[in-house]
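Participant: Below you'll find the structure I mean.
The values are calculated or read from the model by the stated rules, or taken from the named source; none is laboratory data. Quick caveat: nothing in here was measured; it's all calculated off a predicted structure. Virtual Cβ from ideal backbone geometry, glycine too; neighbours counted across all protein chains shown.
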Amino acid sequence: MRRLIAGTGWKMNIGAADAARYAAQLTPLVAPLGETIEMFVLPPFTSLAAARQAFVSSAIGIGGQNVHWDAAGAWTGEISAPMLMEAGCRYVELAHSERLEHFGETYELARKKLDAAVAAGLTPILCLGETAEDKRQGRSDSVLADQMALALRDQPAEQVPNIILAYEPRWAIGAAAAASPIYAAERHRNLRRAVASASAPTRPQRFASSTGDP
C-alpha cells in the first residue's frame with residue numbers, strides 16, 4: 001500500500017518569530033492522523049531552527065527549499081546538504097517551478113543537487129511539471145518522464161523508492177485555475193509507468209502533488 005504524503009512549502013514567508021505560532025495551530029489539527037501520513041514543512045532557511053524546535057514533539061518533519069550541489073566551498077549565499085542535516089532537516093525540495101522560471105535552474109542542475117542530497121542522507125522532493133505550452137501540445141507525460149529520467153540518472157535502483165516525486169504543473173502555479181484531481185492522477189499513473197518501463201526495481205512508491213498555489 002502506498003504511503004500518503006502531505007507537506008507545504010512556506011516560500012519566502014513565515015519568519016522565525018511566527019514559526020512557533022504556525023506550529024501551534026497546525027500540530028493539533030494533524031495529531032489525530034498519527035503516523036498514517038508522512039508530513040513535512042519547508043520553511044525559509046532563517047526559520048529552520050525555530051521550526052525544528054516548534055515541531056520537535058510532532059511527527060512533522062522539516063526540510064529546506066533549496067540546496068547546493070557541493071558539500072562546502074566558496075559559494076556565497078548558498079547552503080549545503082550537510083548544513084541542512086545539521087539544521088535538523090529530513091527533506092529538501094528540488095526543481096520547484098519558481099527556481100526554473102526565475103533563477104534559470106535546469107534538471108541537469110537538479111540532478112547534481114539530488115545526488116548531493118541523497119549522499120548527505122536527505123530525502124529529496126523532486127518537483128516535476130509541464131508548462132502551458134507542453135500541455136497544449138499534448139506532451140505533458142513525455143516532458144515529465146524526461147525530467148524524471150534526467151534528475152534520477154545517477155541513482156541506483158534501490159535508492160529511487162526513497163525519493164519523493166512531486167507533480168507540480170507549472171502552468172497552474174500562481175494561476176487562477178488549478179489542475180483537477182483527475183488530471184493530476186493521470187499524470188501520476190503515467191509517471192509510474194515511465195519508471196516501471198525504465199527498470200522494474202526502481203519503481204518509486206512515493207508521490208506528492210501540487211495542483212497550484214493556495
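Participant: So which residues in region 142-188 are of a type in the set (Gly, Ala, Ser), touching a residue at least 40 places away in the same chain (Cβ under 8 Å) and surrounded by fewer than 14 Cβ atoms within 10 Å (Cβ to Cβ), if there are any at all?
Facilitator: Ala157
Participant: Looking at the structure I just gave you, is Ala51 of a type outside the set (Ser, Thr, Tyr), at pLDDT 95 or above and on the phi < 0 side of the Ramachandran plot?
Facilitator: Considered against the rule, which asks whether it is of a type outside the set (Ser, Thr, Tyr), at pLDDT 95 or above and on the phi < 0 side of the Ramachandran plot, Ala51 comes out as yes.
Participant: Given the criteria more than 20 Å from Ile164 (Cβ to Cβ), at pLDDT below 95 and either out of contact with any helix residue (DSSP H, G or I) (no Cβ under 7 Å at 6 or more places or on another chain) or assigned by TED's automatic domain parsing to the domain that holds Ile14 (or both), does Ser57 qualify? Full working, then the answer.
Facilitator: Working: more than 20 Å from Ile164 (Cβ to Cβ): yes; at pLDDT below 95: yes; either out of contact with any helix residue (DSSP H, G or I) (no Cβ under 7 Å at 6 or more places or on another chain) or assigned by TED's automatic domain parsing to the domain that holds Ile14 (or both): yes.
Considered against the rule, which asks whether it is more than 20 Å from Ile164 (Cβ to Cβ), at pLDDT below 95 and either out of contact with any helix residue (DSSP H, G or I) (no Cβ under 7 Å at 6 or more places or on another chain) or assigned by TED's automatic domain parsing to the domain that holds Ile14 (or both), Ser57 comes out as yes.
Participant: Looking only at residues in region 69-86 that are surrounded by 17 or more Cβ atoms within 10 Å (Cβ to Cβ) and either in the same structural domain as Arg52 (by TED's automatic domain parsing) or closer than 28 Å to Val143 by Cα (or both), which one is farthest from the chain's Cα centre (by Cα)?
Facilitator: Trp69
Participant: Tell me, please, whether a residue that is farther than 20 Å from Arg139 by Cβ and either part of a helix (DSSP H, G or I) or at pLDDT 85 or above (or both) can be found in region 170-178.
Facilitator: Yes, that holds for at least one residue.
Participant: Also: Taking region 7-17 on its own, how many of its residues are closer than 12 Å to Leu42 by Cβ and either of a type in the set (Val, Ile, Thr) or surrounded by 13 or more Cβ atoms within 10 Å (Cβ to Cβ) (or both)?
Facilitator: 6
Participant: Still on this model: So, in region 139-183, how many residues would count as being of a type in the set (Lys, Arg) and closer than 25 Å to Gly121 by Cα?
Facilitator: Result for region 139-183: 1.
Participant: Here is a follow-up. Can you tell me which residues in region 160-169 are under 19 Å from Leu109 (Cβ atoms) and either part of a loop (DSSP other than H, G, I, E, B) or among the acidic types (Asp, Glu) (or both)?
Facilitator: Restricting attention to region 160-169, the residues satisfying the condition of being under 19 Å from Leu109 (Cβ atoms) are 163-166, 168.
Hits for region 160-169 are Ile163, Glu168.
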